[in-house]
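As structure tokens, the structure follows; a few thoughts come after it.
The values are calculated or read from the model by the stated rules, or taken from the named source; none is laboratory data. All of these numbers come straight from a predicted model, not from anything done at the bench. Quick reminder, even Gly has a Cβ in these numbers, built from the backbone with ideal geometry, and neighbours come from all protein chains shown. Side chains included, ligands, DNA and RNA excluded: accessible areas come from the protein's heavy atoms. Shrake-Rupley method; radii C 1.70, N 1.55, O 1.52, S 1.80 Å.
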Amino acid sequence: MFFIDLIAWAVRKKHPAKIEKSEDVSYPKFLTVHIWHDSHRSHRYKQITFIRKGDNKYKKYINLSVGGLIGNILIYLLLLAVIFAVPVVILIIAPKDPHPEIFCWSFIVFFMFLHGFLIGPDTLARIELIKYLKAQAR
């Protein structure tokens, strides 16, 4: 898995992140970060927009419809059920025949999702934004 991360890092070096400002001031209202993203569906720059909040801090701008919010909630509930609820239900159903390997598999699945989140484009865009803001502060 880390070999794939090394390849993704090398590809991102070939396609560096780009930052666009909405206005030509030091702290604009919107900053758009373009991060190279490889997935099984596409290989392209993904745009992630950040909006300025108070004290020149930026927060990810989320403009989802109601259907998008409900879909995200259902996906997160499914992930939580796979990771935590399945081993607990199995322990409740069969208390005399415990299967500790179920808990091991649930932790492996949890760490796979955590790894996917930490190397995802949203996290990389946040890192690039922090680098950019530190360079602007100097």
Look at residue 59 and say whether it is open to solvent by 70 Å² or more (accessible area, probe 1.4 Å), outside any strand (DSSP E or B) and basic (Lys, Arg).
-> no
Within the stretch 123-138, considering residues that are under 27 Å from the mean Cα position of the chain (by Cα) and surrounded by fewer than 15 Cβ atoms within 10 Å (Cβ to Cβ), the one farthest from residue 4 (Cα to Cα) = 137
Pairing a residue in the stretch 78-100 that is surrounded by 12 or more Cβ atoms within 10 Å (Cβ to Cβ) with any residue that is small (Gly, Ala, Ser), where Cβ atoms lie under 8 Å and the two sit 6 or more apart in sequence or on different chains, gives 82/106; 83/106; 84/106; 86/106; 87/106
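Condition check ((1) farther than 30 Å from residue 136 by Cα; (2) in contact with a His (Cβ under 6 Å, 6 or more places away or on another chain); (3) in a loop (DSSP other than H, G, I, E, B)) across all residues:
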site	(1), (2), (3)
34	no, no, no
44	no, no, no
50	no, no, no
63	no, no, yes
74	yes, no, no
89	yes, no, no
96	yes, no, yes
106	yes, no, no
Which of (1) closer than 27 Å to residue 14 by Cβ; (2) under 16 Å from the mean Cα position of the chain (by Cα) is the odd one out, the single condition residue 44 does not satisfy?
-> (2)
Among the residues listed as 33, 11, the single one being more than 30 Å from residue 108 (Cβ to Cβ) and either open to solvent by less than 60 Å² (accessible area, probe 1.4 Å) or without any contact (Cβ under 8 Å) to a residue 40 or more places away in the chain (or both) = 33
Go through the stretch 36-47 residue by residue and tally those that are closer than 17 Å to residue 4 by Cβ and open to solvent by 60 Å² or more (accessible area, probe 1.4 Å).
-> 4
